[in-house]
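**Q** Quick one: this structure, given as structure tokens, is what I'll be asking you about.
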Amino acid sequence: MTQAYIVSALRTAGGKRKGALAGWHPVELAAEVINATLDRSGIDPAVIEDVIMGCVSQAGEQSFQIGRHAVLASRLPETVPAVTIDRQCGSSQQAIQFATQAVLSGTQDVVLAAGVESMTRVPMFTATTLPAQAGLGTPFADRIKQRYGVEEFSQFTGAQMMADKYGFDRLTLDSFALESHRRAAAAVDAGAFDAEIVPVAVVDAGGNERLHRVDEGIRRDATLESIGSVKTLQEGGVISAANASQICDGASAVLVVSESALKAYGLIPLARIHNVTVTGGDPIIMLEEPIRATRKALARSGLSIDDIDLYEVNEAFAPVPLAWLREVGADPDKLNVNGGAIALGHPLGSSGTKLMATLVHGLRKRGLRYGLQTMCEGGGIANVTIVEAL
């Protein structure tokens, strides 16, 4: 039976908005991770058959096929093709799944899945707000408005709807956020991220060059009081910037290969991809689809949630992983054990391959077997990827 393997999984440390990575053009940041993948895997650049790049805000510096530009800015030969995809927050997780499907189909043997987002240089919603300001309209066609009875879909509205539906109060959400920061700080101190992070050169406020290797968003001094003091997004609501994911700059990559490529190029597998699933659901509440997608992935894989040793569930908003835990009957001690996007940041198009790097290295470091990754995505979509560490 044909198998797909991960032989490299890397990411940059996250940069805060206008922080350490603000000076990096997103094309060059993506190229930096591509080059690190070549270095650490030892693969011949010429044998990579495709690069699938996730990116959400495809405007400005991230427009005009950033995947191809990242190839041209890297050490890959120009003969390596690339494509840029947008499945919103799941873009680079979908890149992994497309790469897996290419390998399982036998049409390709070596595919690089990657993602990049500079939320500093290309702010969130740029691709819709600028055209709207220029009188070019919005993506919400009349038929969609009529079908769903809304003028637009909003993740912020969806997050509050999830909190209401599942009965999460502000204290519960803020407590989860605090734990994310605590786990992330402990992970840094224990060197949990060392194997997955690509250090990149940056210039600090004093004009000194250094290597950026620690996620900037972690708040070691966070308390329930400080988190609780942040104003909610809606009057009377429970969602705030402090219990939601942080704006973040970053890039990441996962190299997916066939068994024949392992042997032909002397590669060492980190994990086997066990299942890939994607589902779509209600675009208004939007953020609860990981629950249904997880149930489907487990059923298709022949595994139960108890068989899974670690879960990475993207912390877009605190109600998302909390509702997921309750509804799938998962163990909170296995969830985002090194912290999540509330502390580490959510660089949109890069988050899928970023989380996979953390999941694969986390499984191997702890001597565990199965990992599951999922995230909510714009439009009510969710990806689930199950891997087996080797």
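The values are calculated or read from the model by the stated rules, or taken from the named source; none is laboratory data. Being a predicted model, the structure only gives us computed values, none of them experimental. Neighbour counts are summed over all protein chains in view; Cβ atoms, including those assigned to glycine, are modelled from backbone coordinates with ideal geometry. The protein model used for the area step is the full one, side chains on, heavy atoms only, and it has no ligands, DNA or RNA in it. Shrake-Rupley method; radii C 1.70, N 1.55, O 1.52, S 1.80 Å.
**Q** Have a look at 173, 130 and point out the one that is open to solvent by less than 60 Å² (accessible area, probe 1.4 Å) and touching a residue at least 40 places away in the same chain (Cβ under 8 Å).
**A** 173
Matching residues to (1) within 17 Å of residue 314 (Cβ to Cβ); (2) surrounded by 14 or more Cβ atoms within 10 Å (Cβ to Cβ); (3) at pLDDT below 95:
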| residue | (1), (2), (3) |
| --- | --- |
| 89 | yes, yes, no |
| 96 | yes, yes, no |
| 108 | no, yes, no |
| 119 | yes, yes, no |
| 146 | no, no, no |
| 162 | yes, yes, no |
| 181 | yes, yes, no |
| 187 | yes, yes, no |
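**Q** Scan the stretch 289-324 residue by residue and report those that are of a type in the set (D, E, K, R) and either closer than 18 Å to residue 370 by Cβ or in contact with a Cys (Cβ under 7 Å, 6 or more places away or on another chain) (or both).
**A** Matches in the stretch 289-324: 289, 295, 296, 300, 306, 307, 309, 312.
**Q** Let me spell it out: the conditions are (1) surrounded by fewer than 18 Cβ atoms within 10 Å (Cβ to Cβ); (2) under 19 Å from the mean Cα position of the chain (by Cα), and residue 100 meets all of them except one. Which number is the exception?
**A** Single failed check for residue 100: (1).
**Q** Could you please find all residues in the stretch 173-229 being among the hydroxyl-bearing types (Ser, Thr, Tyr) and under 23 Å from residue 325 (Cβ atoms)?
**A** 175, 180
**Q** Could you check the stretch 203-227 and list, in sequence order, the residues that are surrounded by fewer than 18 Cβ atoms within 10 Å (Cβ to Cβ) and not in a loop (DSSP other than H, G, I, E, B)?
**A** Result: 203, 209, 210, 211, 224, 225, 226.
**Q** Here is a check on your reading of the model: is residue 236 open to solvent by 30 Å² or more (accessible area, probe 1.4 Å) and either within 25 Å of the chain's Cα centre (by Cα) or of a type outside the set (A, V, I, L, M, F, W, C) (or both)?
**A** Yes, satisfied.
**Q** Can you tell me which residues in the stretch 37-60 are open to solvent by less than 20 Å² (accessible area, probe 1.4 Å) and part of a strand (DSSP E or B)?
**A** 51, 52, 53, 54
**Q** Follow-up. Among the residues of the stretch 189-202, what is the count of those that are touching a residue at least 24 places away in the same chain (Cβ under 8 Å) and open to solvent by 60 Å² or more (accessible area, probe 1.4 Å)?
**A** So the count comes out to 0.
**Q** Look through the stretch 326-363, keep the residues that are basic (Lys, Arg) and in contact with a strand residue (DSSP E or B) (Cβ under 6 Å, 6 or more places away or on another chain), and return whichever of them is farthest from residue 124 (Cα to Cα).
**A** Taking the candidates together, the pick is 334.
**Q** Assuming residue 34 fulfils every condition listed in (1) touching a Leu at 6+ places or on another chain (Cβ under 7 Å); (2) of a type in the set (A, V, I, L, M, F, W, C); (3) open to solvent by 10 Å² or more (accessible area, probe 1.4 Å) apart from one, which condition is it?
**A** Only one criterion is unmet by residue 34, namely (3).
**Q** Has the stretch 261-273 got any residue that is at pLDDT 95 or above, in a helix (DSSP H, G or I), open to solvent by 40 Å² or more (accessible area, probe 1.4 Å) and hydroxyl-bearing (Ser, Thr, Tyr)?
**A** Checked the stretch 261-273: at least one residue is at pLDDT 95 or above, in a helix (DSSP H, G or I), open to solvent by 40 Å² or more (accessible area, probe 1.4 Å) and hydroxyl-bearing (Ser, Thr, Tyr).
**Q** Turning to a different aspect of this structure: List, please: which pairs have Cβ atoms under 6 Å, are six or more places apart or on different chains, and start with a residue in the stretch 378-390 that is modelled with pLDDT of 95 or more and end with one that is open to solvent by 20 Å² or more (accessible area, probe 1.4 Å) and small (Gly, Ala, Ser)?
**A** That search, which allows pairs on different chains as well, returns 380/280; 380/281; 381/280; 386/301.
**Q** Also, I was wondering about something else. Looking only at the stretch 1-31, which residues are in a loop (DSSP other than H, G, I, E, B) and open to solvent by 10 Å² or more (accessible area, probe 1.4 Å)?
**A** 1, 2, 3, 16, 17, 18, 19, 20, 22, 23, 24, 25
**Q** Then there's this: How about the stretch 85-184: which helices (runs of 4 or more DSSP H) wholly inside it have at least 3 residues that are of a type in the set (S, T, N, Q)?
**A** 91-105, 126-133, 155-166
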